[in-house]
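Following: one structure in structure tokens, then a few remarks.
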Amino acid sequence: MEKIEHTTVTTNGIKMHVASIGSGPIILFLHGFPELWYTWRHQLLSLSSLGYRCVAPDLRGYGDSDAPPSPESYTVFHIVGDLVGLLDALGVDKVFLVGHDWGAMIAWNFCLFRPDRIKALVNLSIPYHPRNPKVKTVDGYRALFGDDFYICRFQVPGEAEAHFARMDTAKVMKKFLTTRDPNPPCIPKETGLKALPDPPALPSWLSEDEINYFATKFNQKGFTGGLNYYRAMNLNWELMAPWTGLQIQVPVKFIVGDLDITYHIPGVKEYLQNGGFKKNVPFLQELVVMEGVAHFINQEKPQEISMHIYDFIKKF
């Protein structure tokens with residue numbers, strides 16, 4: 001881990017912290033919520049040893065990167081803009097892209113906006129869904145799961161932060177990272193995060209030191225930056241209107257765990273397996289469903305995910 005370099009890059013009006021290691025073709029890793037560059041620690045070490053330069057930023061709002069206060073500063077255009085600026089700062093034209101959770105959503109949009117900068121994409125957990133012109137994103141989730149669904153509960157500035165502040169940050173991280181319940185996560189207004197189950201013990205793939213790394217950074221930064229991605233979802237829906245109906249035009253491998261909450265959203269299994277996903281992602285080359293694996297797949301199965309990435313990108 002001590003061989004990983006840490007730099008700060010100025011891009012799109014913010015300062016972005018970037019972790020990197022290795023030399024060779026660049027793989028750009030995009031983390032999700034509530035995570036950091038650190039979520040990719042295993043992949044950085046594995047894939048750099050196989051001849052790649054691995055680059056993992058703290059996305060806008062997270063860790064040691066800047067966190068503008070307003071939710072309007074967290075649209076997919078801002079985030080992809082940050083990343084295009086990062087590639088320009090690195091002096092690189094095209095990269096392999098790997099995303100998970102929010103990082104996967106950003107990656108899909110990166111491919112929509114700038115397919116010229118992406119050699120191939122490996123995305124985890126969140127499949128590509130084209131924009132539904134009839135329903136705003138958050139409104140659709142509210143209709144499906146109700147006001148207590150976590151994405152709906154995260155919308156009001158300050159409300160989720162207050163729930164998070166009532167609990168030790170390490171405990172918050174444990175609740176998120178270790179969840180194995182594939183049902184929609186709901187956070188009732190009255191009980192907040194207490195509604196999410198406590199892990200009986202840390203799983204073998206996650207140590208107290210690793211939890212504490214995340215907790216320390218979120219204690220310093222707070223959760224508002226990460227929550228602002230959710231608060232910009234309906235704004236994204238409005239701004240994305242010109243891209244309605246567009247396909248993903250880069251080579252793709254998609255991986256999801258069969259215990260992932262995203263895999264259990266009504267209709268998703270059928271969408272992935274029955275041709276709908278392939279229609280929207282015509283250059284989909286591999287679809288992998290990992291048995292007995294939950295949402296934080298790249299941390300739970302680090303070697304397997306590193307090999308899945310390597311086996312795909314070495315073709316290009």
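The values are calculated or read from the model by the stated rules, or taken from the named source; none is laboratory data. Treat the numbers as computed from the prediction; the structure is a model and nothing was measured. Methodologically, a virtual Cβ is constructed for each residue, glycine included, from the backbone with ideal geometry; neighbour enumeration extends over all protein chains shown. Accessible surface is based on the protein model in full, side chains and every heavy atom, while ligands, DNA and RNA are left aside. Shrake-Rupley method; radii C 1.70, N 1.55, O 1.52, S 1.80 Å.
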*asked:* Restricting to the range 34-70, give me the number of residues that are in a loop (DSSP other than H, G, I, E, B), under 12 Å from the mean Cα position of the chain (by Cα) and more than 15 Å from M16 (Cβ to Cβ).
replied: 2
*Would you pick out the residues in the range 252-267 that are buried (at least 20 other Cβ atoms within 10 Å of the Cβ) and either of a type in the set (D, E) or more than 14 Å from H295 (Cα to Cα) (or both)?*
V252, K253, D260
_If I filter the range 274-312 down to residues being among the small types (G, A, S) and more than 23 Å from S48 (Cβ to Cβ), which single residue comes out as least open to solvent (accessible area, probe 1.4 Å)?_
A294
*Tabulated pairs, the range 1-12, first closer than 14 Å to D64 by Cβ, second open to solvent by 100 Å² or more (accessible area, probe 1.4 Å) and of a type in the set (D, E, K, R), C-beta under 6 angstrom, 6+ apart or interchain*: T8/K15
_Go through the range 183-229 and report how many residues are open to solvent by 40 Å² or more (accessible area, probe 1.4 Å) and part of a helix (DSSP H, G or I)._
11
*Could you run through the range 93-116 and say how many residues are more than 14 Å from the chain's Cα centre (by Cα) and closer than 21 Å to W40 by Cα?*
4
*Name the one entry in L124, L144 that is buried (at least 17 other Cβ atoms within 10 Å of the Cβ) and among the hydrophobic types (A, V, I, L, M, F, W, C).*
L124
*Would a scan of the range 150-159 turn up a residue that is touching a residue at least 12 places away in the same chain (Cβ under 8 Å), of a type in the set (F, W, Y), touching a strand residue (DSSP E or B) at 6+ places or on another chain (Cβ under 8 Å) and more than 23 Å from A241 (Cβ to Cβ)?*
yes
*Give the range 119-149 a look and list any residue that's in a helix (DSSP H, G or I) and either in contact with a Gly (Cβ under 7 Å, 6 or more places away or on another chain) or free of Cβ contacts under 8 Å to residues at least 12 places away in the same chain (or both), or say none.*
G140, Y141, R142, A143
*Considering only the range 216-247, state which residues are hydrophobic (A, V, I, L, M, F, W, C), more than 15 Å from P71 (Cα to Cα) and under 18 Å from the mean Cα position of the chain (by Cα).*
F218
*Where residues in the range 85-109 are open to solvent by 20 Å² or more (accessible area, probe 1.4 Å) and touching a helix residue (DSSP H, G or I) at 6+ places or on another chain (Cβ under 8 Å), which of them is farthest from V281 (Cα to Cα)?*
D93
*Can you tell me which residue among I79, I27 is β-branched (V, I, T), outside any helix (DSSP H, G or I) and within 19 Å of the chain's Cα centre (by Cα)?*
I27
